[in-house]
C-alpha cells in the first residue's frame with residue numbers, strides 16, 4: 001500500500017463516523033442544495049440527506065427509500081416553510097427540520113416531491129426514485145454492540161448477526177441507492193470437470209491460444225455476437241504464464257485450471273510501484289499516465305468485468321520487493337467488477353498482494369473468495385470493496401517485515417460492510433510470533449474518513465498476532481485506534497492468537 005497516496009487530513013471537525021454525518025463550516029459543506037442520495041433534484045435553499053429522495057428548496061425533504069433517515073433542509077429563513085412529504089412504501093412521513101427523521105420502512109417506492117418553502121428561494125424539489133431494497137441499515141449494524149477490551153473489541157452474539165456472508169454480499173451499487181439482489185455465491189463454483197471450455201490456453205500451441213490474455217481478448221469479442229451474454233469458459237493447461245492479464249468488457253468469464261491443485265497453473269509478472277513504464281509490459285486495465293507504474297498499475301491480473309470467476313490456479317506478483325526497499329507495492333490481483341468469485345486460487349506477493357476495489361469511491365462492488373490462499377506481509381488485502389473470505393488461508397510471509405498488517409479496508413463510512421473473514425485460518429511462516437497485527441483502517445483521502453470496516457469471525461488465529469492489541473495502533477493516516485472511531489471487530493475466533 002502506497003502510504004504517500006493514502007495520507008489524509010481532517011478538516012476541522014468534519015468527518016464521518018460509523019455511518020453518521022458530522023458537519024460544520026470547516027467541512028466546506030455547501031448550504032445551497034447539497035445532498036447525498038440519488039434520484040432527486042435538490043433545491044437551492046437547504047441541505048438534505050436521503051437514501052433515495054431529494055432535498056427541496058427551503059422546505060421539506062423527500063422521504064428516503066423505505067421512509068427513514070432523511071434529514072430535512074434548513075430553508076431560507078424558516079425551517080418549516082414547506083409541507084412534509086410522505087416517505088417510501090412502508091415508512092412514515094419525514095417531518096420538518098428540527099424534528100426526528102421518519103422510521104425505517106420496508107423497500108421504498110418512489111419518493112414524493114417536496115413542496116416549496118415559504119421563506120426559501122428555490123422551487124420544489126423533484127421526486128426521488130427509490131432504489132429497490134435500498135432501505136437504511138439498522139442502527140445495530142452501523143454501530144454494533146461490543147464486549148472485550150478497548151484494544152480488542154468483540155462483537156456480541158446479537159451484533160454478530162449483522163455480519164454474515166449474506167449480509168455482506170446482499171447489496172451493491174451507488175451508496176445511497178444500493179440495489180438489493182441478495183447475491184449468494186457461497187455454494188461455490190461447479191467442478192472444473194463438468195465445464196466445457198470455450199477456449200483453451202496452452203503454451204505449447206495445443207490449445208486455441210498460447211496466452212491467457214489472447215483467450216480473454218477472444219472471449220471479449222463474443223460480445224459482438226448473438227451469444228454475447230453467454231459465459232465464456234477459458235481452460236488454462238498446466239504451466240507458468242509470464243504475462244499481464246486485463247479482463248474487461250461485458251462478457252462474463254470463468255478462467256480455470258482443470259485440476260484441483262492450484263500450483264499447476266501460475267500466472268505471474270513482476271511490475272511494481274515506481275518501476276519505469278514499459279509500454280510492452282503494461283496491464284491494459286490500468287494504462288499509466290506517469291513515467292512510472294503506480295500501485296494499481298503494478299497488477300499482474302486486473303479484473304474490471306462483472307461476474308468474473310477464477311478457479312484452480314495461482315496469480316502472483318513475484319517482484320523481489322526486498323531487493324529495492326521495504327515499502328514497495330507489487331499487486332498480484334486487482335478486482336473492480338461486481339460479483340467476482342475466486343475459488344481454490346492462490347494469490348502470492350508481499351506488500352499489497354490483493355486489491356479489492358470498485359469503479360468509484362461511492363460505489364460498492366462485491367467479491368467472494370472461497371477455499372483460497374492469500375499471502376503477503378504488509379496490508380496485503382486492501383481496498384474499498386465488500387469482500388468475503390470464506391474458508392481461506394491468509395498467510396503472513398517471513399523474510400521482510402514482522403510487525404505489519406494482514407488487512408487494510410477503506411470501506412466508505414456510509415456503508416457498514418467491508419471485509420469479512422469467516423471460517424478461515426490466519427497463519428504465518430515459521431519464526432514469526434507475537435509481532436503482527438490483524439489489520440488497520442485505510443483512511444483513503446479520496447473518500448470520506450475515517451474509512452475501513454472489517455470482521456474476523458469463527459476463524460483460527462495463530463501465535464503470530466499481538467494478542468493484547470491485535471489491531472495496529474493507528475490507521476494509515478496515523479489516526480489512533482479506538483473502539484468508537486474504528487469498525488474492526490472479532491467474533492468467536494480460536495487458536496493461540498485469539499482473544500483470551
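Being on the phi > 0 side of the Ramachandran plot and modelled with pLDDT under 95 is the filter here; which residues of the stretch 166-196 pass it?
Selection gives 176 alone.
Output the residues belonging to the stretch 269-297 that are in a strand (DSSP E or B) and either within 21 Å of the chain's Cα centre (by Cα) or surrounded by 20 or more Cβ atoms within 10 Å (Cβ to Cβ) (or both).
269
Would you mind finding the one in 257, 307, 284 that is modelled with pLDDT of 95 or more, in contact with a strand residue (DSSP E or B) (Cβ under 7 Å, 6 or more places away or on another chain) and under 24 Å from residue 344 (Cα atoms)?
Answer to the selection: 257.
Please pick out the residue among 440, 457 that is surrounded by fewer than 21 Cβ atoms within 10 Å (Cβ to Cβ), more than 15 Å from residue 357 (Cα to Cα) and in contact (Cβ under 8 Å) with a residue 40 or more places away in the chain.
457
Which residues, counting only those in the stretch 472-488, are crowded, with 24+ Cβ neighbours inside 10 Å and assigned to a strand (DSSP E or B)?
487, 488
Yes or no: residue 258 over 22 Å from residue 381 (Cα atoms) and touching a residue at least 60 places away in the same chain (Cβ under 8 Å)?
In short, yes.
Going by what's in this entry, would residue 163 be described as at pLDDT 50 or above, under 30 Å from residue 474 (Cβ atoms) and buried (at least 17 other Cβ atoms within 10 Å of the Cβ)?
Yes; evaluated as a whole, the condition is true for this residue.
Since residue 492 meets every condition but one in (1) modelled with pLDDT under 95; (2) on the phi > 0 side of the Ramachandran plot, which condition does it not meet?
Failing condition for residue 492: (1).
In the stretch 231-245, what count of residues is obtained for those that are without any contact (Cβ under 8 Å) to a residue 40 or more places away in the chain and out of contact with any helix residue (DSSP H, G or I) (no Cβ under 7 Å at 6 or more places or on another chain)?
Qualifying residue count, the stretch 231-245: 5.
Closer than 17 Å to residue 348 by Cα and surrounded by fewer than 22 Cβ atoms within 10 Å (Cβ to Cβ): is that true of residue 316 in this structure?
Considered against the rule, which asks whether it is closer than 17 Å to residue 348 by Cα and surrounded by fewer than 22 Cβ atoms within 10 Å (Cβ to Cβ), residue 316 comes out as no.
The values are calculated or read from the model by the stated rules, or taken from the named source; none is laboratory data. The model shown is predicted, which means the values in this text are computed figures rather than measured ones. Every residue, glycine among them, receives a Cβ derived from its backbone with ideal geometry; neighbour counts consider all protein chains shown.
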